[in-house]
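Remarks on the structure that follows.
The values are calculated or read from the model by the stated rules, or taken from the named source; none is laboratory data. Model, not experiment: these values are computed from the prediction. Positions of Cβ are generated from backbone atoms using ideal geometry, with glycine treated the same way; all protein chains shown enter the neighbour counts. We work out accessible area using only protein heavy atoms, side chains counted, and drop any ligands, DNA or RNA first. Shrake-Rupley method; radii C 1.70, N 1.55, O 1.52, S 1.80 Å.
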Amino acid sequence: GEAISFLASTGPAPTFEEARRLISEREERINALAAAWDEPIRPLIAARDYHSLGRKNEAMHWDSEFNNGIFRHAPYGGPLEIFIQAPAAWYIHNPQWYFNFHYAEEKNRGLEDTEDLFNPGKIVVVLKPGDVWTALISTENPFGKDAGKLFDLEEQRKRSLIKSPSLTDAIEAAPVGSPTGALTSVLTAAADQFIVRRGADLRTVIAGYHWFTDWGRDTMIALPGLCLSTGRYDDAKKILTAFAHSVSEGMLPNRFMDGGDQPEYNNVDGSLWFFNAIYKYWLQTNDHKLVLETLTPVLEDMIEWHLKGTRYNIRVADDGLLSSGEKGVQLTWMDAKVGDWVVTPRMGKPVEIQALWYNALMILTKFCEARKDRSAVLRYADLAAKAKDSFQQRFWNDADGYWYDAIDELDVPDPSFRPNQVFLYSLPFQIGDPAKAALTIQKIEEQLYTPYGLRSLSPADPRYVGFYGGDQLKRDGSYHQGTVWAWLLGPYIEAILKTDLKMGRKKAQIILATFRKHLSEGGFGSISEIFDGDYPHAPKGCIAQAWSVAEVLRVIAENKL
């Protein structure tokens, strides 16, 4: 059972103690290498978009490279490459498939939930207790990059955004009765992840993670909170410029396609939210050159298209209100569709579209005043006055004491009690009758308010669905039929502040204090897309949603809460 060790050297003969120490260190290295060999790093590659899952296939490339500590693999031989910088490591090429990974959340959502992943080989690195080893994973070659330094720089940048040691500290920093400091710090950091490059020197907004791209409506709603409330005015300018370039027939794109195809324009409200975002930018930056010289002509052209009619039967009706809709097409933010079933079609004259239309006309009036274009001022002011007069005559549901959600394509009022009427009192220019504001907000509080946002339909409605889950049919069928939307907290709080001058600020602070606990419930330090309508209002959908984050940030910053 005895062991004999030999040490050969061309240098001076070591002492017995030195020899034993050197042998012992060598044995430790060998044992560590053997352990690393048994427990290597195995890159598992899916190489697909976030809407699908992959299975074993013959098109996957098995070749890979490992040079200068950098692993390189092009899964399907195209432009997409995966790089892993693995310093002081070995790479053993041994391509194989791993089968049947099961994904619980996909199963919960009624989607395909099993995937195969490709492993090109294994990366081996030997570490001792106390060692620090950093790897860098990228779709660009990281040669010459220092992962540790990059991490430190990014950490410093994030800290400079939130001016706090960590997200955890920020979440726990403020007492319950004074939530806005913590919320502002955390959500400023969260806002950063949504602002991304579009082209060489323009910007756009990713609507949500994990499966949204950039949507026109979401971007314009989110821009004031993401950019203006955080002081990112240059990003705001680049986003507005990018979308101005994409206006077509008076319309902003609804969304840009994943594969680079032509954008879709199936929305009636994104174009109107564009006016609002530009107006907020103008108020904060006084950038006359961009707003008055570059963007106002675009806005005037958009109004002309709406007056004469554009896609999807979007046009100004004889009463001055904005009408829209075609069978089988969803145009408002309540846009769920399963196959040919449009869940909430809202054809005709939706209530928030009239609020946005009036707001857009009044904003353009302000811009033309600044340009000293008196004839344009009179024209747009007359259009706004006509719309407001028609709205107040036609939309009040006197029997139930709230505003109709829409007047449909057959000119029949829709009494569905939904949150869309909140925009009558939250936008800069209000189309709703001020005398009816308090009653409207009270009814919204009683039927729609939850600690996480507003329900999309009253629980008293027989169509109400209080749980969001199941397959696509069930999920999309409940998406705007009771599901809670966090982004609506912004306009709800705004409406409270504007209609309850005595207690509005206190109410707003209580709402924000109650909401704060969600920051550690879904995507840590961010705000989820939606919640169940029924208690306990579990977070659902995207774990980080741009307009959810932005609207809470905006209402705090604009009102100095």
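Structural remarks
- Checked against the criteria, residue 96 does not count as of a type outside the set (A, V, I, L, M), farther than 17 Å from residue 117 by Cβ and modelled with pLDDT of 90 or more.
- Those residues of segment 243-285 which are aliphatic (A, V, I, L, M), assigned to a helix (DSSP H, G or I) and surrounded by 20 or more Cβ atoms within 10 Å (Cβ to Cβ), in sequence order: 272, 277, 278
- Single residue of segment 147-164 satisfying the filter (open to solvent by less than 80 Å² (accessible area, probe 1.4 Å) and in contact with a helix residue (DSSP H, G or I) (Cβ under 9 Å, 6 or more places away or on another chain)) that is nearest to residue 39 (Cα to Cα): 158
- Within segment 112-129, the residues that satisfy the criterion of being among the acidic types (Asp, Glu) and open to solvent by less than 40 Å² (accessible area, probe 1.4 Å) are 113, 115, 116.
- Residue selection: residue 358 fails the criterion of being of a type outside the set (A, V, I, L, M), within 30 Å of residue 463 (Cβ to Cβ), open to solvent by 40 Å² or more (accessible area, probe 1.4 Å) and at pLDDT 95 or above.
- Among the residues of segment 391-425, those that are out of contact with any Lys or Arg (no Cβ under 7 Å at 6 or more places or on another chain), part of a strand (DSSP E or B) and open to solvent by less than 10 Å² (accessible area, probe 1.4 Å) comprise 397, 403.
- All conditions in (1) open to solvent by 10 Å² or more (accessible area, probe 1.4 Å); (2) among the small types (Gly, Ala, Ser); (3) closer than 21 Å to residue 105 by Cα hold for residue 478, with the sole exception of (1).
- Filtering segment 196-212 to residues that are open to solvent by less than 20 Å² (accessible area, probe 1.4 Å) and either farther than 20 Å from residue 539 by Cα or not in a loop (DSSP other than H, G, I, E, B) (or both) leaves 204, 205, 208.
- Of the residues making up segment 90-99, none is surrounded by 11 or more Cβ atoms within 10 Å (Cβ to Cβ), in contact (Cβ under 8 Å) with a residue 12 or more places away in the chain and assigned to a loop (DSSP other than H, G, I, E, B).
- Conditions (1) touching a Pro at 6+ places or on another chain (Cβ under 8 Å); (2) on the phi > 0 side of the Ramachandran plot; (3) crowded, with 24+ Cβ neighbours inside 10 Å; (4) not aromatic (Phe, Trp, Tyr): number failed by residue 453: (1)
- Filter result for residue 514 (without any contact (Cβ under 8 Å) to a residue 60 or more places away in the chain and among the hydroxyl-bearing types (Ser, Thr, Tyr)): no
- Filter result for residue 122 (among the basic types (Lys, Arg) and in a loop (DSSP other than H, G, I, E, B)): no
- Look at (1) in contact (Cβ under 8 Å) with a residue 60 or more places away in the chain; (2) under 12 Å from the mean Cα position of the chain (by Cα) and you find that residue 250 fails only one, number (2).
- The set of residues from segment 67-86 being without any contact (Cβ under 8 Å) to a residue 40 or more places away in the chain and open to solvent by 50 Å² or more (accessible area, probe 1.4 Å) comprises 67, 76, 79.
- Verdict on residue 255 being of a type in the set (Lys, Arg) and closer than 22 Å to residue 316 by Cα: no
- Of the residues making up segment 227-237, those that are in a helix (DSSP H, G or I), in contact with a Leu (Cβ under 7 Å, 6 or more places away or on another chain) and either modelled with pLDDT under 95 or open to solvent by less than 10 Å² (accessible area, probe 1.4 Å) (or both) number 1.
- Extreme residue, farthest from residue 559 (Cα to Cα), among residues of segment 426-451 that are outside any helix (DSSP H, G or I) and of a type in the set (S, T, N, Q): 450
- Failed item, numbered, when residue 550 is tested on (1) open to solvent by less than 40 Å² (accessible area, probe 1.4 Å); (2) at pLDDT below 95; (3) among the small types (Gly, Ala, Ser): (2)
- Scanning segment 49-60 for residues that are open to solvent by 80 Å² or more (accessible area, probe 1.4 Å) and under 20 Å from residue 94 (Cβ atoms) returns 56, 58.
- Residues considered: 366, 388, 349. Of these, the only one that is open to solvent by 70 Å² or more (accessible area, probe 1.4 Å) and either in contact with a His (Cβ under 9 Å, 6 or more places away or on another chain) or at pLDDT 95 or above (or both) is 366.
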